[in-house]
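Below you'll find the structure, written out as structure tokens, and then a few comments.
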Amino acid sequence: MEQEQVQIPAFKAARLDAIENYIAMEHNYIAIISILLKIPHEQAISIASGMLNSKSRLVLVGDLIQPLATEAMPFWQEVRERIERLDIMRNKIVHWIEVYQEGPRDDTGKVISPTVSKLVPWKTFVGTDKSALDIHALREFSARVKYTNQLLAHLAAYFLYSPEMKLTFRSIFVKKPDDNTLNQLFALIEKAAR
């Protein structure tokens, strides 16, 4: 059976991409729960989905890291703070409504520039709210989520490393990550592969 191809407007595609990137990030911190508790990923998902909100899940991850990998706490603390900031934006992306603002019209009444979509809080219902999110905000959010997701994936991998491998990568995971952390990590991976 052939699937129907559907054209999604750019704004809706950016919103969908933002949500899906956030879901992927959630799966990576659930993977950390799975690794540290030594349980199947499906069980970790059951545990995490039974928790009220992402803050509770993040506290659980921190509580698991603390006794098992104390050296990684500074790294985790910064990643957790990033996720908490992203979570605020995620809630807006998921729960706010999409409004359209038509571009200017010519003398005949025809719209001469494209309609602009943005997300606004339910309370406003107008496109003039200063807190409105446009397509650029959605794309920026996705980029930040992807970066944080990579940090989480590498932290999860760190917990699986042998003691020798942990020594090689320890300098990355004992401090707070910054915008250059992935570059440093990739350089270490390249060096270790030689």
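With the structure loaded, tell me whether Glu81 is surrounded by fewer than 16 Cβ atoms within 10 Å (Cβ to Cβ) and at pLDDT below 95 or whether it fails that test. Break it down into steps so the answer makes sense when it comes.
On the way: surrounded by fewer than 16 Cβ atoms within 10 Å (Cβ to Cβ): yes; at pLDDT below 95: no.
Spelling it out, it is not the case that Glu81 is surrounded by fewer than 16 Cβ atoms within 10 Å (Cβ to Cβ) and at pLDDT below 95.
Conditions (1) at negative phi; (2) modelled with pLDDT of 90 or more; (3) buried (at least 17 other Cβ atoms within 10 Å of the Cβ), marked per residue:
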{"position": "Asn91", "(1), (2), (3)": "yes, yes, no"}
{"position": "Val94", "(1), (2), (3)": "yes, yes, no"}
{"position": "Pro114", "(1), (2), (3)": "yes, no, no"}
{"position": "Trp122", "(1), (2), (3)": "yes, no, no"}
{"position": "His154", "(1), (2), (3)": "yes, yes, yes"}
{"position": "Leu160", "(1), (2), (3)": "yes, yes, no"}
{"position": "Thr168", "(1), (2), (3)": "yes, no, no"}
{"position": "Phe173", "(1), (2), (3)": "yes, yes, yes"}
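Can you pull out every residue in the range 62-77 that is in a helix (DSSP H, G or I), hydrophobic (A, V, I, L, M, F, W, C) and touching a residue at least 12 places away in the same chain (Cβ under 8 Å)?
Leu64, Ile65, Leu68, Ala72, Phe75, Trp76
Of Asn91, Asn28, which residue is more than 17 Å from Tyr147 (Cα to Cα) and within 17 Å of the chain's Cα centre (by Cα)? Among Asn91, Asn28, only Asn91 is more than 17 Å from Tyr147 (Cα to Cα) and within 17 Å of the chain's Cα centre (by Cα). Across the range 63-88, the qualifying residues are those that are among the hydrophobic types (A, V, I, L, M, F, W, C) and farther than 16 Å from Leu36 by Cβ, and the one among them that is farthest from the chain's Cα centre (by Cα) is Ile88.
Could you list all residues from the range 48-72 that are of a type outside the set (D, E, K, R) and buried (at least 16 other Cβ atoms within 10 Å of the Cβ)? Once the filter is applied, which keeps residues that are of a type outside the set (D, E, K, R) and buried (at least 16 other Cβ atoms within 10 Å of the Cβ), the range 48-72 yields Ala48, Ser54, Leu58, Leu60, Val61, Leu64, Ile65, Ala69, Ala72.
Rundown of residues vs (1) under 30 Å from His136 (Cβ atoms); (2) touching a residue at least 60 places away in the same chain (Cβ under 8 Å); (3) not in a helix (DSSP H, G or I), yes/no style:
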{"residue": "Gln3", "(1), (2), (3)": "no, no, yes"}
{"residue": "Ala13", "(1), (2), (3)": "yes, no, no"}
{"residue": "Ala18", "(1), (2), (3)": "yes, yes, no"}
{"residue": "Tyr22", "(1), (2), (3)": "yes, yes, no"}
{"residue": "Asn28", "(1), (2), (3)": "yes, yes, no"}
{"residue": "Ser34", "(1), (2), (3)": "no, no, no"}
{"residue": "Ser46", "(1), (2), (3)": "no, no, no"}
{"residue": "Lys55", "(1), (2), (3)": "yes, no, no"}
{"residue": "Leu60", "(1), (2), (3)": "no, no, no"}
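Report the residue count in the range 132-163 for those that are assigned to a helix (DSSP H, G or I) and either touching a Pro at 6+ places or on another chain (Cβ under 6 Å) or free of Cβ contacts under 8 Å to residues at least 60 places away in the same chain (or both). Quick ask: steps written out before the conclusion?
Step one: of the range 132-163, the residues assigned to a helix (DSSP H, G or I) are 135-160, 163.
Filter again for either touching a Pro at 6+ places or on another chain (Cβ under 6 Å) or free of Cβ contacts under 8 Å to residues at least 60 places away in the same chain (or both), leaving 136-137, 140, 143, 147, 150-151, 154, 157, 163.
Count: 10.
Just one of (1) closer than 17 Å to Val79 by Cβ; (2) more than 20 Å from the chain's Cα centre (by Cα) fails for Leu151. It is (2). Evaluated against (1) closer than 17 Å to Asn149 by Cβ; (2) touching a helix residue (DSSP H, G or I) at 6+ places or on another chain (Cβ under 6 Å), Glu78 falls short on exactly one condition, (2).
The values are calculated or read from the model by the stated rules, or taken from the named source; none is laboratory data. Being a predicted model, the structure only gives us computed values, none of them experimental. When we count neighbours, we look across all protein chains shown, and the Cβ atoms used for this are built from the backbone with ideal geometry, even at glycine.
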